[in-house]
Amino acid sequence: MKNKRTVLVTGGCGFIGANFIRMLHSDCQDWRVVNLDKLTYAGNLKNLDGIREGERYRFVRGDICDAELVAKLFVEERIDTVVHFAAESHVDRSITGPGAFIRTNIEGTFTLLEAAKKAWLGGNKSVTQPCFLHVSTDEVYGSLGETGRFNETTAYDPRSPYSASKASSDHLASAYFHTYGLPVRITNCSNNYGPYQFPEKLIPLVFNNAMHNKALPVYGDGKNVRDWLFVRDHCEAIVEVLQKGRDGQCYNIGGNNEKENLEVVTLICDLLDQKLGLAPSGQPRRSLITFVTDRLGHDRRYAIDATKIREQLGWEPKATFEKGMEETVDWYLANRKWVDAIVNGSYRQYYAAMYSEQE
Ligand code: NAD
Ligand code: DAU
């Protein structure tokens, strides 16, 4: 087992990346983190408030497609571990504008793999036991019917531009292992929820709309199923894969929490009613639920079979959906300013003042 590491976290200012860096900061005290993030609309420096630049942490604003910058970081920081989160992550945006997904998710992953290959397998090998962990999604497996679950041998069948771009990046990562022997591990996880999720995704979007007595848009008949994974459980699984996983392997990570979207939305409404009383209209917040036109190509059901990671690495999700959701709603209630600032765009101005805008 390896104690000291220098970890390049890509996309560390996004939802999962920020939770991951926060966890490393408290639990892995002898690891140094270099956070490479472009600060797109989804990246937010506020997600890392309280984590200071210094011996254990460095932030670099930059693009994973910038080959020169990435190569320089590998050398300068003697990176021995990569945890690659950076991506365009929102399915709806991939339907209206797939170009950025192709660039960041495919070309960006290629750029990182090339830099790792050069730094770790080139003539001048300066690090021991390197590891490139590519964070991916269950969406690469396509859509399930009423039964069955995805395991690591399920054939890929991506159906949105987002999932196709992630599938492509998984294949590239896997090819670098098989062709060059790059020490790659891949994780495919289900829908995460928890603190710091950008309020375009279902759970924080419903929270925010409900707080403003706005309609809660439910796509189609609301019966699409997702397997919800509490973000802290996901981050712990990633550390297990780094510490105990094997190169060239894929690990599915799921929450054992299959829910129809309508159940998720009503649970948020009910939690808010319990905590705050009924909406100002005097109605339960469920009355705000509005069925809207379905997402194009909307995958019906995802479900993860996480037997492999449980049996081989001893990881299991700890959070029940009820407990995880209560903690999540409490976090959003306590951090309304964080949500409001994103929704009214004021963080953008804050970054513009600190860094030059690259978009
Ligand atoms: P997010 O959208 O919240 O964050 C993405 C981060 O990547 C942002 O900080 C953004 O600024 C950064 N980024 C985007 N393009 C970049 C580029 N070209 N160069 C550098 N940085 C860039 O995403 P998330 O929900 O935290 O997801 C993280 C990873 O996990 C993604 O790879 C996603 O595909 C995967 N994933 C997410 C979920 C989920 O439920 N959120 C589930 C399965 C897998
Ligand atoms: O399964 C893992 C994936 O989960 C990740 O790879 C993606 O990065 C992440 O965004 C997430 O994708 P989804 O499309 O499942 O998440 P989203 O929160 O957008 O939607 C969850 C479900 O809720 C989905 O069935 C669509 C539905 N939905 C979503 C929104 C935003 C609604 O009904 N109304 C909405 O307003």
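The values are calculated or read from the model by the stated rules, or taken from the named source; none is laboratory data. Since we're looking at a predicted model, the values are computed, not measured. Don't worry about glycine lacking a Cβ; one is built from the backbone with ideal geometry, like all the others, and counts go over all protein chains shown. We work out accessible area using only protein heavy atoms, side chains counted, and drop any ligands, DNA or RNA first. Shrake-Rupley method; radii C 1.70, N 1.55, O 1.52, S 1.80 Å.
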Can you list the lysines whose alpha carbon sits under 27 Å from that of K118, skipping same-chain ones fewer than 8 residues off? K2, K4, K38, K72, K166, K244
Taking the Cα centroid of segment 223-266 and of segment 37-55, what is the distance between the two, rounded to the nearest whole Å? 24
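Could you work out the helix-only [θ] at 222 nm for the chain, with each DSSP H run of four or more residues adding -39,500 (n - 2.57) and the total divided by the number of residues, to the nearest 500 deg cm²/dmol?
Dividing the helical sum by the residues of the chain leaves -12000 deg cm²/dmol.
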GNM of the chain, Cα pairs under 10 angstrom: of R232, R185, R336, the biggest fluctuation goes to R336
Counting Lys and Arg as +1 and Asp and Glu as -1, each charge on the Cβ, what is the dipole of the chain about the Cα centre in debye, to the nearest 20? 540
So how tilted is helix 15-27 from the main axis of the chain? Cα-based, degrees 0 to 90, rounded to 10. 60
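If contacts are Cα pairs under 8 angstrom and at least 6 residues apart, what is the relative contact order of the chain in percent? Let's see the in-between values first.
Numbers: 659 pairs, mean separation 61.4, N = 359.
With pairs under 8 Å counted, the relative contact order is 17 percent.
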Helix 109-121 axis, angle to the chain major axis (alpha carbon atoms, nearest 10°): 30
Just to confirm the number: angle between the C-alpha axis of helix 231-244 and the first principal axis of the chain, 0 to 90 degrees, nearest 10? 20
Calculate, in nm to one decimal, what I95 and N213 gain on full extension: separation in residues at 0.36 nm each, minus their alpha carbon distance. 39.7 nm
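Assuming a ≥ b ≥ c are the square roots of the Cα gyration tensor eigenvalues, decide whether segment 63-155 counts as rounded (a/c under 1.5), prolate (otherwise, with a/b larger than b/c) or oblate.
Details: a/c = 3.49, a/b = 1.68, b/c = 2.08.
Oblate.
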Using a 1.4 Å probe and ignoring any ligands, DNA or RNA, find the accessible area of T179 and quote it in Å² to the nearest 10. 100
Could you tell me which residue out of V60, Y196, V339 lies farthest along the dipole of the chain toward its positive end? Charges go on the beta carbon: Lys and Arg +1, Asp and Glu -1, centred on the Cα centre. V60
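For segment 1-121, which whole-number percentage of the solvent-accessible area (1.4 Å probe, protein heavy atoms only) is attributable to carbon and sulfur atoms? Could you put the intermediate results ahead of the total?
Working: 2380 of 4780 Å².
Carbon plus sulfur share of accessible area: 50 percent.
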With +1 assigned to the C-beta of every Lys and Arg and -1 to the C-beta of every Asp and Glu, and no other charges, what is the dipole magnitude of segment 122-224 about the Cα centre in debye, to the nearest 20? 260
So, for segment 127-265, what is the accessible surface per residue at a probe of 1.4 Å, expressed in square angstrom? 35
Proximal aspartates and glutamates to K337, defined as alpha-carbon separation beneath 14 angstrom and excluding residues fewer than eight positions away on the same chain: D49
Restricting the calculation to Cα positions, tell me the Rg (one decimal) and the Dmax (whole number) of segment 239-304 in Å. 18.7, 56
Zone reached by a paramagnetic label modelled 7 Å from Q243 Cα along Cα→Cβ, restricted to segment 301-323 with backbone N below 18 Å, covers 309-319
Using label points projected 7 Å from each Cα along Cα→Cβ, tell me how many nm separate R310 and L69, to one decimal. 4.2
Positive end of the dipole of segment 242-333, charges at C-beta (+1 Lys, Arg; -1 Asp, Glu), about the Cα centre: which of Y302, F291, L313 has its Cα farthest in that direction? L313
Rounded to the nearest 5, the percent of DSSP beta bridges in the chain running antiparallel is 10
